[in-house]
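Values quoted throughout were computed directly from the atomic coordinates according to the rules given, and no laboratory measurement underlies them. Here the structure is a predicted model, which means the values were calculated and not measured. Glycine also receives a Cβ, built like all others from the backbone with ideal geometry; neighbour counts cover every protein chain displayed.
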Amino acid sequence: MQVLDSSAFIDEYATDEPIATIPMVREELEDEAGYRFDALEGSGMRIHVPDAETVERTERAARETGDAGTLSRTDVRLLATAFELDATLVTDDYAMQNVAEKLDITVDVIAQEGIDERLEWRFQCQGCGRVFEEDRDRCEICGSGLERKRP
C-alpha cells in the first residue's frame, strides 16, 4: 500500500499498488488535481484518519528530528497514516522524508531526489549566531529568532 500526499495528485503519480490518503489532502487540491483525487476515491482509494496516539508519536518524532516547525497538520497525519498502515509514503517533501526515516517508514519520491540519510538540523540564532541542537522559540542568550540550518 502507498499513502499519497498532495504532490502525488498534482504531479499525476500513477501506481499499480493499492493507495490511501487522508481527507485533509483533498482540501489542499484545486482543479485537475482535485478531480484526480475524487476519481481515485471513487475507484477505491482508501481514505484513512490516523489515531490521536499515532499523531502524537509522529509529532514527537518530528520534534526529535527538528522538523516539527516545518510540517503542516496534513503532513503529520500523512506520516501517521503511513505508519499505521505499514505503507510506503509517496512525497517530495524533505521534512516528511526525514521524519519518515526516523519512524522507519519507506518513502517513494515523485519529482525530486529523495534524501540519502536522515538530516540532523541545527538551529542558529539570527542575532548573536549561537547554535542550538534543538528548536526553540527564541535564543536564550539574546532573545532573537532561530533559523534551521544543516550542520
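Summary table below
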quantity: Cβ-placed point charges (K, R +1; D, E -1), dipole of region 10-94 about Cα centre in debye, nearest 20; calculated: 340
quantity: At least 15 Å along the helix axis (C-alpha) and Kyte average at least -0.5, DSSP helices within the chain; calculated: 73-85
quantity: Magnitude of the charge dipole, the chain, Cβ model with Lys/Arg +1 and Asp/Glu -1, debye to 20; calculated: 740
quantity: Dipole of the chain [Lys/Arg +1, Asp/Glu -1 at C-beta], most positive-end residue of 82, 69, 106; calculated: 69
quantity: Debye equation applied to the C-alpha atoms of region 1-117, log10 I(q)/I(0) at 0.10 Å⁻¹; calculated: -0.25
quantity: For peptides 65-71, 94-100, sequence by mean Cβ density within 10 Å, most packed first; calculated: 94-100, 65-71
quantity: For residue 22, distant residues with modelled amide H under 5 Å away; calculated: 48
quantity: 222 nm mean residue ellipticity, helices alone, for the chain (DSSP H n ≥ 4; -39,500 (n - 2.57); rounded to 500); calculated: -11500 deg cm²/dmol
quantity: Neighbour cut-off at most 16 other Cβ (10 Å), DSSP loop, trypsin sites (Lys or Arg not before Pro), region 25-127; calculated: 118
quantity: 5 angstrom amide H check on residue 107, placed H, neighbours 5+ away; calculated: 89
quantity: DSSP loop GluC sites (Glu not before Pro) with at most 13 other Cβ within 10 Å: longest gap in the chain; calculated: 31-112
